Amino acid sequence: MNDLKEQTLKRLKEALALLENCPEFVPFVPEVRTNIVFALPDARNPEDVAAIDGRITVVQGRPRACGAPEFGASDHLARLILELRQYAPEIRAAINFRWNEQLLAHVQHWAQIRGKKIGVIDRSCEPEELIGREKMSMPWKVKQLIARTGGAVPEIFYETRGWGKEPLFVLVGADPVNVVTEVINIARSYNQNYR
């Protein structure tokens, strides 16, 4: 393994350690579980994107990785980050987390205070020929997101419920530690306000 891959895995492990030490994140873990991805600067396919093997679940009241960070461990979130990078190459990291109405209200408030826009991918607008077809909707989803945000990739966005799909938030950025730090801030402020 080359130095760049080792550095990428090391940084992803640092992000994971932060998240695993945040019990406030537990309500944010979706049914499909959470993952964190970090792409190499020249990533072209999911094998160039490091992620948590088996994703992140909840064990004894804390977020816990099922496996170690490794390249090629994510398909969906890796393909999403690769597609987003066509519009914003500086984006290399992402984390997904639960969406519901209460979390949406909290994230909207969090974003408003920070002057951030929240993007949305509306799965009810998905073309019929893509519904239920595995690995076919990513370019459409990202084009819709970009169109709805005036041509920019928002730092945070969500995907509405779709055929066989759980609605989710995604937070993106250049570095996984920064992305995880932001989601921890969201989780901690949520727990202070809603618990």
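Just so you know, all these numbers are worked out from the coordinates, no wet-lab data involved. This one's a predicted model, so the numbers in the text were calculated from it and none came from an experiment. Here the Cβ positions follow ideal geometry from the backbone for every residue, glycine too, while neighbour counts run over all protein chains shown.
Can you name the helices of the chain, as whole DSSP H runs, whose Cα span along the helix axis is 18 Å or more and whose Kyte-Doolittle mean is not below -1.0?
Numbers: long enough: 3-20 (25 Å, -0.44); 101-114 (20 Å, -0.42); 176-194 (26 Å, -0.19).
Those that pass (Cα extent of 18 Å or more, hydropathy at least -1.0) are 3-20, 101-114, 176-194.
Label separation (K117 vs T149): 0.9 nm, computed from points 7 Å beyond Cα along the C-beta direction. Direction-averaged projected area, Cα convex hull, the chain: 10.5 nm², rounded to one decimal. In a fully extended conformation the segment linking V26 and D53 would gain 7.9 nm over its present Cα-Cα distance, using 0.36 nm per residue. Helical content alone sets the calculated 222 nm signal of the chain at -12000 deg cm²/dmol, taking -39,500 (n - 2.57) per DSSP H segment of four or more residues and averaging over every residue. Need the C-alpha centroid separation for the range 83-134 versus the range 1-64, integer Å. Cα centroid to Cα centroid, the span is 18 Å.
In straight-distance terms, cross-link reach from K13 covers every one of the aspartates and glutamates whose alpha-carbon lies under 13 Å from its own, apart from those fewer than eight places away in the same chain; here that gives D53, E70, D175. Over the chain, Cα pairs under 8 Å with separation of 6+ residues give a relative contact order of 24 percent.
Around the amide H of V120, modelled in the peptide plane, lie the amide H atoms of Y158, all under 5 Å away and 5 or more residues distant in sequence or on another chain. Ordering G151, A105, P89 by the projection of their Cα atoms onto the charge dipole of the chain, which places +1 on the Cβ of Lys and Arg and -1 on the Cβ of Asp and Glu, puts A105 at the extreme positive end. Proximity of backbone amide H atoms, modeled 1.01 Å from N, is registered between L168 and E159 at under 5 Å, excluding neighbours fewer than 5 places apart on the same chain.
Of E83, E14, E47, the residue with the greatest mean-square motion in the GNM of the chain, using alpha carbon springs below 10 Å, is E14.
Computed about its Cα centre, the charge dipole of the chain is approximately 420 debye, with only Lys, Arg, Asp and Glu carrying charge at their Cβ. DSSP beta bridges confined to the range 3-194 are antiparallel in about 85 percent of cases. For R64, the amide hydrogen comes within under 5 Å of the amide hydrogens of T57, V58, V59, counting only partners 5 or more places away or on other chains and with H modelled in the peptide plane.
Based on other C-beta atoms within 10 Å, arrange L82, L40 from fewest to most. If you can, show how the numbers build up before the last one.
Numbers: L82 20, L40 17.
Ordered by Cβ neighbours within 10 Å, fewest first: L40, L82.
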